[in-house]
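See structure below.
The values are calculated or read from the model by the stated rules, or taken from the named source; none is laboratory data. Predicted model only: the values in this text are computed from it and were never measured. Don't worry about glycine lacking a Cβ; one is built from the backbone with ideal geometry, like all the others, and counts go over all protein chains shown.
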Amino acid sequence: MSKVAVFQHYFGWALAWLLLDPSTAGRSATVSAMCAFLVGSFGIVAATCALDDIVGFRNGSDAVNYLQGDTRRDIRRKPLLSGAVTEKQAIIFVGCAAALAVLAGAYAFWQLDWRAPLLAVVLYAAGLVLSMQYSAGLRVSYHRGGGETLLFIATACGLYAPFLAVSGHWTAPAVTEGVLLGLWMVMVSSYSNVNDAEGDRGVGRRTLAATSGPTLITAVLGSLVVAALGTTVWLVIGGGFPWWTLITLGPAALLHIAQVYTGPVRKDWLGARRLGMYAYNLGFLGIGIPTLYRFVTALPPTIPSPAISR
């Protein structure tokens, strides 16, 4: 229910650390703060996913999407549906997870002597508060395009909040990588939403897939691919990344193109979603390698110790 084991949620955190200046990344305060931000991310993910499960259980959308027809989806991922946990236990879990996120975030900013830019605090808080509005509260996903937009913002904030808190300023590579992660994650969720469109319509959830026809859906999915490719090129042109970044990100780009064929053309939406998740993993590796290269090459040279004469 918490989905904290879905490691893709923490790609932004890992890239944020690699994007830091080497002189900053290794400081004890930085290490403590970044570890706390990771724990905070666990709390945000757990609270958000568990709350979404509670809402889906109450309104019946999860029952439609997981129990009816040949969905090929594992009901064990929905412990409320399977009866593994009660609704009361799930609500308590949400509260504990949210409290963990708040405490971990406060500890991280305390480790940085509360000198982090105010915007970093806002971004971290927004990552928690807004994410929990996906299905409950403001119910952002019940407004057309709201769910996709929120997912993009929350994913990008997973990189932006810790990076800005520690570095104290923006950089073009950090901004661009956050955009890429957001686009890639939306390209996973959008295909899943098409598969779940019937159940979402039944409960009034206005995802793009639930409120649009096939032509518009295909156009949007294709536009996401084009946007991701353009952002990748900009990372090299405007972000100062080596030219071979285009090669390391090539496999992810090919899978994103294959998504459009697998989903809109073949109508295998869950298959397209799987391709999107593979692409997200390969994209992280493809962007992580040149980011690590930039980090290592920015390290100060080691000065050999002078020989001791006897």
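Structural remarks
Rundown of residues vs (1) within 22 Å of LEU100 (Cβ to Cβ); (2) surrounded by fewer than 21 Cβ atoms within 10 Å (Cβ to Cβ), yes/no style:
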{"site": "ALA116", "(1), (2)": "yes, no"}
{"site": "ALA125", "(1), (2)": "yes, yes"}
{"site": "GLN133", "(1), (2)": "yes, yes"}
{"site": "ALA136", "(1), (2)": "yes, yes"}
{"site": "ARG139", "(1), (2)": "no, yes"}
{"site": "GLY145", "(1), (2)": "no, yes"}
{"site": "ALA154", "(1), (2)": "yes, no"}
{"site": "GLY158", "(1), (2)": "yes, no"}
{"site": "LEU164", "(1), (2)": "yes, no"}
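- Residue check: GLY137 meets all listed conditions (1) in a helix (DSSP H, G or I); (2) more than 19 Å from the chain's Cα centre (by Cα) but one, namely (1).
- Of all residues making up the range 223-269, the number that are touching a residue at least 40 places away in the same chain (Cβ under 8 Å) and either surrounded by fewer than 17 Cβ atoms within 10 Å (Cβ to Cβ) or among the β-branched types (Val, Ile, Thr) (or both): 11
- Only one of ALA97, ALA101, ALA120 that is out of contact with any Leu (no Cβ under 7 Å at 6 or more places or on another chain), outside any loop (DSSP other than H, G, I, E, B) and over 26 Å from ALA210 (Cα atoms): ALA97
- Residues considered: ALA161, ALA165, ALA209, ALA174. Of these, the only one that is farther than 20 Å from GLY286 by Cβ, aliphatic (A, V, I, L, M), part of a helix (DSSP H, G or I) and within 17 Å of the chain's Cα centre (by Cα) is ALA161.
- Helices (runs of 4 or more DSSP H) lying entirely in the range 214-310 (those with 3 or more residues that are over 29 Å from PRO22 (Cα atoms) and at pLDDT 95 or above): 214-237, 250-260, 269-297
- So GLY199, is it without any contact (Cβ under 8 Å) to a residue 40 or more places away in the chain, over 23 Å from PHE284 (Cβ atoms) and either surrounded by fewer than 24 Cβ atoms within 10 Å (Cβ to Cβ) or not aromatic (Phe, Trp, Tyr) (or both): no
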